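These notes concern the structure reproduced below.
The values are calculated or read from the model by the stated rules, or taken from the named source; none is laboratory data. Just so it is clear, the model here is predicted, and its values are computed rather than measured. Here the Cβ is made from the backbone with ideal geometry for all residues, glycine too, and neighbour counts use every protein chain on show.
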Amino acid sequence: MLKTRRLHHATRVLALVVVALSASPSLAADSGSGGKSSSDTPSQTEVLSSSLADVRVAIKAENWGKAIKLLNGLISDGTSNADVYNLLGFSLRKSGDMDNALDYYLKALKLNPRHKGAHEYLGELYVETGNLTKAKEHLQILADLCGNTTCEEYEDLEKAIASRT
């Protein structure tokens, strides 16, 4: 049982390293190792994707406690993935923990300053806490990130701001 736990932990940590490397094109490299054999274990990216799929199911069900627990588990395993921090911020905000939600949105943006979802959700947090000036700053950032076309994140934050003005 202990060996299984350690293997699971090591697999998750390795998954996070692979995700971090693949997120940065300058660090990613094609190993040229060819295809996957039937005895290969799931890739680390697949492990993280599977974990995030479980998180998204919990979020869709508005089971904030479960989502928070799953996301904290990923962070405990050493993740530095902006999506994980953003989703934790979202789940915390939806559960009413605005202070910790703010911290995790900022961590997500530190990892990826161009993360549209984190800008949207952080802007929504500012709307919910009455700081429309900060919300509009994130709306402008989204306008810049989305370019000539509007994106869903921009539209959602714009609606949230309009609902308070």
**OP:** Could you look through the range 148-164, keep only residues that are in contact (Cβ under 8 Å) with a residue 24 or more places away in the chain and hydrophobic (A, V, I, L, M, F, W, C), and pick out the one that is surrounded by the fewest Cβ atoms within 10 Å (Cβ to Cβ)?
**Re:** Cys151
**OP:** State all residues of the range 143-159 that are among the small types (Gly, Ala, Ser) and touching a Phe, Trp or Tyr at 6+ places or on another chain (Cβ under 9 Å); if no residue qualifies, say none.
**Re:** Ala143
Original post:
So Ser76 clears everything in (1) in contact with a Lys or Arg (Cβ under 8 Å, 6 or more places away or on another chain); (2) modelled with pLDDT under 95 except one condition, right? Which one?
Top reply: (1)
Original post:
How many residues, within the range 123-164, are in contact with a helix residue (DSSP H, G or I) (Cβ under 9 Å, 6 or more places away or on another chain), under 20 Å from Met98 (Cβ atoms) and not in a helix (DSSP H, G or I)?
Top reply: 4
**OP:** Considering every residue within the range 112-123, establish whether at least one is in the same structural domain as Glu155 (by TED's automatic domain parsing), within 23 Å of Leu142 (Cβ to Cβ), at pLDDT 95 or above and more than 14 Å from the chain's Cα centre (by Cα).
**Re:** yes
